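*Asks:* This is the structure, below, for whatever I ask next.
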Amino acid sequence: MFCYQCQETAGCSGCTISGVCGKTPDVAAMQDLLVYVTKGLSAVTTALRSEGTEIPSYINHMVIQNLFTTITNANFDKNSVVAKISETISAKEQLLAQLSSKKGLPAAALWHPKSPADYDSMGYVTSILATKNEDIRSLRELITYGLKGLCAYTSHANALLREDPELDAFIQSALAKTLDDSLTADELTALTLETGKFGVRGMALLDQANTDTFGNPEITKVNIGTRKNPGILVSGHDLHDLEMLLEQTQGTGVDIYTHSEMLPAHYYPAFKKYPNFAGNYGNAWWKQKEEFESFNGPILMTTNCIVPPKDSYKNRLYTTGATGYPGCTHILPGPDGKKDFSQIIHYAKTCAAPTEIEQGEIIGGFAHNQVLSLADQIIDAVKSGAIRKFVVMAGCDGRAKSRSYYEDFAKALPEDTVILTAGCAKYRYNKLNLGDINGIPRVLDAGQCNDSYSLALIAMKLQDVFGLDDINELPIIYNISWYEQKAVIVLLALLSLGVKNIHLGPTLPAFLSPNVAKLLVDNFGIAGIQSVEEDMKLFFEE
Ligand code: FSO
Ligand code: SF4
């Protein structure tokens, strides 16, 4: 196997024996093949579109779900990945039959395996290393990972019945282009930026879907202690799954707790009406081995990040959507799209209440609508000098020891700074009680990683208010932590909006070749991180 798509890749260069995340070589091979056949399908749909044929939405959803399945920590279940490969090949064959000319199609579109027994022999074709030129490989993977993140976000928008056919067409044409050997590095660089542009569009689609369906996030205090009833812990990012579970648990005596990236669900007005929506349990994804153990009840993973479970709670772990883990029960939707969670609820009733691991509350809900309603207060604080700088610390948390940098950095920030955050990165500092500036909390949590869109909107609004020509003239520092491919699309989205000088850590992506890294440094001022002391000097003394 060879995989270097996430920040925790072995030795900062590539997982070759087994994934640091727990992905085994056989699953890695099938995930590579799923990406390959999805690119083949996308080449066919792109050719059909150019002939004027409309692509049915179930095909668009298949592409979205396939890519989402291959994101870090989402799906470890080889059988489910193999099933998706077979479905994709059969859908592609049907579409291929409608195409008047097969000229110019890549090999991935014309591969006709007789049965899944043929899948194992494809490793040499589907490996990332099959692209020999390291710059072309780097750009192809940068685009592919950005698209994976974009598909994750689009999947949540699709779950709320929002569609954007132009976005689907772009995703598929970009996937097809990553197979096109005639494209130069310059053309792939342009495609990378275009991917970022569509990243903004995908995040806007999801933002619209979320706020239309659940209301605008508002300032909310979330309890981090526990109640006396048994509970179900919901992790991941899918708010539609959470809504269905909340509906189905009314009057059952089972409480619902959020975990990791589901925390921001508490900020939405629509979920506040459920009396059994008890609070948030635990921290970022990587602490789940201890926290799922002490939760005592069932856990529903709606998306990544899954850490391979311990036997002690594996029977309590359920997956749905793009996620999967061998031996864990997977909840599928019915023909009407509804999911029946009754077996999880039934199981929860037999479990002890969660063991309390923390007490208190955390505050959040500072998405664009809420922050812009405080705009006057914020602008006054900036004009008076009470707020010197905003520091965007969005992104992901992870288990690397070096990530203690982010907690130390937050603690070391001057008191006239405000952190803008989104994503699971916030767990490094959202319980530190960093205080407020004239009533404005010093950590403003916009929500999930996709709500980085909110942070971009806030920046654009501030640029407008202060009458600045360039978004980079704002008193905003970008110090982003990344882990998986959703952070890649967030990064590309920010670049497409013209944001420069983003610091990225704890390490730069292994999939950036020296030349591609140089391109990002030269054109966008992308930089890594140093020690907290050095970065404090860099940001505040120069
Ligand atoms: Fe975190 Fe995991 Fe949201 Fe990621 S829970 S690491 S970038 O899936 O998507 O922030
Ligand atoms: Fe390694 Fe990350 Fe790939 Fe997992 S997703 S195999 S940890 S690079």
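A quick yes/no check of all residues on (1) closer than 21 Å to GLY104 by Cα; (2) touching a strand residue (DSSP E or B) at 6+ places or on another chain (Cβ under 8 Å); (3) buried (at least 21 other Cβ atoms within 10 Å of the Cβ):
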| site | (1), (2), (3) |
| --- | --- |
| GLY52 | yes, no, no |
| THR69 | no, yes, yes |
| THR72 | no, no, yes |
| SER86 | no, no, no |
| LYS92 | yes, no, yes |
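*Asks:* Among the candidates THR184, THR189, THR195, which residue alone is buried (at least 21 other Cβ atoms within 10 Å of the Cβ) and of a type in the set (S, T, N, Q)?
*Replies:* Going through THR184, THR189, THR195 in turn, just one is buried (at least 21 other Cβ atoms within 10 Å of the Cβ) and of a type in the set (S, T, N, Q): THR195.
*Asks:* Restricted to the stretch 411-441, and to residues that are away from ligand 1 (no atom under 13 Å from the Cβ) and closer than 11 Å to VAL392 by Cα, which residue is surrounded by the fewest Cβ atoms within 10 Å (Cβ to Cβ)?
*Replies:* Step by step, filter the stretch 411-441, then rank; the result is THR417.
*Asks:* If you go through the stretch 475-482 one residue at a time, do you hit one that is within 16 Å of ligand 2 (Cβ to nearest atom), on the phi < 0 side of the Ramachandran plot and touching a residue at least 40 places away in the same chain (Cβ under 8 Å)?
*Replies:* Yes, the stretch 475-482 has at least one match.
*Asks:* Out of curiosity, is ASP451 out of contact with any Leu (no Cβ under 8 Å at 6 or more places or on another chain), away from ligand 2 (no atom under 16 Å from the Cβ), within 24 Å of LEU191 (Cα to Cα) and touching a residue at least 24 places away in the same chain (Cβ under 8 Å)?
*Replies:* yes
*Asks:* Need pairs with beta-carbon distance below 9 Å; first residue over 13 Å from ASP535 (Cβ atoms) and within the stretch 490-505, second basic (Lys, Arg) and modelled with pLDDT under 95; sequence gap 6+ or separate chains.
*Replies:* Final answer for the pair search is none.
*Asks:* Moving to a separate point now. Suppose we keep only residues that are more than 20 Å from ALA422 (Cα to Cα) and of a type in the set (Val, Ile, Thr) within the stretch 475-528. Which one would you say is surrounded by the most Cβ atoms within 10 Å (Cβ to Cβ)?
*Replies:* VAL516
*Asks:* Then there is this: Which condition number does ASP469 fail, the rest of (1) surrounded by 16 or more Cβ atoms within 10 Å (Cβ to Cβ); (2) away from ligand 2 (no atom under 16 Å from the Cβ) being met?
*Replies:* Going through the list (1) surrounded by 16 or more Cβ atoms within 10 Å (Cβ to Cβ); (2) away from ligand 2 (no atom under 16 Å from the Cβ), ASP469 breaks only (1).
*Asks:* Being touching a residue at least 12 places away in the same chain (Cβ under 8 Å), within 14 Å of ligand 2 (Cβ to nearest atom) and under 24 Å from LEU206 (Cα atoms) is true for just one of THR38, THR16, THR69. Which residue is that?
*Replies:* THR69
*Asks:* While we're on this one: Among the strands (runs of 3 or more DSSP E) confined wholly to the stretch 273-348, which include 1 or more residues that are among the polar types (S, T, N, Q) and either surrounded by fewer than 19 Cβ atoms within 10 Å (Cβ to Cβ) or assigned by TED's automatic domain parsing to the domain that holds VAL27 (or both)?
*Replies:* Per the criteria, 329-331.
*Asks:* Exactly one condition in (1) over 26 Å from THR258 (Cα atoms); (2) at pLDDT below 95; (3) not in a helix (DSSP H, G or I) is false for ILE477; which is it?
*Replies:* (2)
*Asks:* Within the stretch 355-371, identify whether any single residue is free of Cβ contacts under 8 Å to residues at least 60 places away in the same chain and either touching an Asp or Glu at 6+ places or on another chain (Cβ under 9 Å) or not in a loop (DSSP other than H, G, I, E, B) (or both), and answer yes or no.
*Replies:* no
Residues checked against (1) more than 16 Å from ligand 2 (Cβ to nearest atom); (2) in contact (Cβ under 8 Å) with a residue 24 or more places away in the chain:
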{"residue": "VAL81", "(1), (2)": "no, yes"}
{"residue": "LEU96", "(1), (2)": "yes, yes"}
{"residue": "ALA109", "(1), (2)": "yes, yes"}
{"residue": "ALA117", "(1), (2)": "yes, no"}
{"residue": "THR126", "(1), (2)": "no, yes"}
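*Asks:* Among the residues of the stretch 378-397, are any of a type in the set (Asp, Glu), more than 29 Å from ALA278 (Cα to Cα) and away from ligand 1 (no atom under 16 Å from the Cβ)?
*Replies:* Yes, some residue in the stretch 378-397 is of a type in the set (Asp, Glu), more than 29 Å from ALA278 (Cα to Cα) and away from ligand 1 (no atom under 16 Å from the Cβ).
Condition check ((1) in contact with a Lys or Arg (Cβ under 6 Å, 6 or more places away or on another chain); (2) closer than 30 Å to LYS273 by Cβ) across all residues:
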residue	(1), (2)
SER155	no, yes
THR178	yes, no
THR192	no, no
ARG201	no, no
LEU205	yes, yes
THR211	no, yes
PRO217	no, yes
THR226	no, yes
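*Asks:* Another question, then. Of all the residues that make up the stretch 387-410, how many are in contact with an Asp or Glu (Cβ under 7 Å, 6 or more places away or on another chain) and either assigned to a helix (DSSP H, G or I) or of a type in the set (Phe, Trp, Tyr) (or both)?
*Replies:* So the answer is 2.
*Asks:* When you scan the stretch 199-218, do you find a residue that is farther than 30 Å from ALA517 by Cβ, within 16 Å of ligand 1 (Cβ to nearest atom) and hydroxyl-bearing (Ser, Thr, Tyr), even just one?
*Replies:* Checked against the condition, which is being farther than 30 Å from ALA517 by Cβ, within 16 Å of ligand 1 (Cβ to nearest atom) and hydroxyl-bearing (Ser, Thr, Tyr), the stretch 199-218 yields no hits at all.
Here is a yes/no grid of residues against (1) within 16 Å of ligand 1 (Cβ to nearest atom); (2) over 18 Å from MET262 (Cα atoms); (3) of a type in the set (S, T, N, Q):
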position	(1), (2), (3)
PRO298	no, no, no
THR323	yes, no, yes
GLN343	no, yes, yes
ALA348	no, yes, no
ALA353	no, yes, no
ILE363	no, no, no
LEU374	no, yes, no
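*Asks:* Still on this structure, I have one more. Can you tell me how many residues in the stretch 482-503 are within 16 Å of ligand 1 (Cβ to nearest atom) and more than 17 Å from LYS426 (Cβ to Cβ)?
*Replies:* Qualifying residue count for the region: 8.
*Asks:* On to the next question. With the checklist (1) within 9 Å of ligand 1 (Cβ to nearest atom); (2) in a loop (DSSP other than H, G, I, E, B) in hand, flag the one item ASN450 doesn't pass.
*Replies:* Looking at each condition in turn, ASN450 falls short on (2).
The values are calculated or read from the model by the stated rules, or taken from the named source; none is laboratory data. From a predicted model like this one, the values you see are computed outputs, not experimental measurements. Glycine gets a Cβ as well: all are built from the backbone with ideal geometry, and neighbour counts include every protein chain shown.
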